[in-house]
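The block underneath contains the structure these notes are about, expressed in structure tokens.
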Ligand code: DC
């Protein structure tokens, strides 16, 4: 079974994807971390993420799991990832990696921006997870504080708005729900309620639930 989860930054899709993978015994790939890792490779070398040659090289030579989560999850790396992710050639390279991951048994949950539309258009279930930009900014802000990162709420909000704009308006694989995706708005939901709602949708679609 393949479950495709898309949505904007800090919509809750990552946590949801991990929990769903665990629940259904599937592999999980946070596809944003691929773009983040390519961006961080460039930043660490003192390069400009907008330099397409550097971005292609970083994507081609990317080693999975090379970086710590804390280093990948900074606002600066997220912003740079969104720049790198707008480049068609970079997306082609990442597409191959994502499909190779999704292909093998026992199936997978992938979360990102274009999973239901481009990476896995034939996924068994597609979810599009959203939340208001203020709620998402509050989540990112709280996470950053927990990691001990010094951030301002307004900065986090501006960063998210800029990324939303770039991710939804880029020419290649823009963020949008697949026609057959289920929408899940988590603005008012905690993670447990969002998880239960997602399981209900997935079991309803795949008829694999215990109560069927
Ligand atoms: O989900 P995230 O915040 O870790 O993603 C970082 C950036 O990577 C995001 O701004 C857009 C890009 N991205 C993408 O274009 N396609 C994906 N499937 C996943 C992420």
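The values are calculated or read from the model by the stated rules, or taken from the named source; none is laboratory data. Small disclaimer: the values here were computed from a predicted structure and weren't measured. Here the Cβ is made from the backbone with ideal geometry for all residues, glycine too, and neighbour counts use every protein chain on show.
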Given region 132-212, what helices (runs of 4 or more DSSP H) lie entirely inside it while holding 2 or more residues that are touching a helix residue (DSSP H, G or I) at 6+ places or on another chain (Cβ under 8 Å) and more than 24 Å from residue 71 (Cβ to Cβ)?
-> 133-146, 191-206
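Kindly establish whether residue 124 is over 21 Å from residue 32 (Cβ atoms), surrounded by 14 or more Cβ atoms within 10 Å (Cβ to Cβ), touching a helix residue (DSSP H, G or I) at 6+ places or on another chain (Cβ under 7 Å) and modelled with pLDDT of 95 or more.
yes
Hey, can you tell me all the residues within region 1-28 that are assigned to a strand (DSSP E or B) and either over 9 Å from the mean Cα position of the chain (by Cα) or near the ligand (Cβ under 7 Å from one of its atoms) (or both)?
2, 3, 4, 27, 28
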Any chance residue 84 is closer than 28 Å to residue 199 by Cβ and touching a helix residue (DSSP H, G or I) at 6+ places or on another chain (Cβ under 6 Å) = no
Does residue 49 satisfy the criteria of being in contact (Cβ under 8 Å) with a residue 40 or more places away in the chain and in a loop (DSSP other than H, G, I, E, B)?
-> no
Matching residues, region 151-182, being in contact with a strand residue (DSSP E or B) (Cβ under 6 Å, 6 or more places away or on another chain) and without any contact (Cβ under 8 Å) to a residue 60 or more places away in the chain = 182
Residue check, residue 114 within 12 Å of the ligand (Cβ to nearest atom), buried (at least 19 other Cβ atoms within 10 Å of the Cβ) and under 15 Å from residue 32 (Cβ atoms) = yes
Would you be able to tell me the number of residues in region 128-151 that are more than 15 Å from the ligand (Cβ to nearest atom) and either under 19 Å from residue 184 (Cα atoms) or modelled with pLDDT of 95 or more (or both)?
-> 4
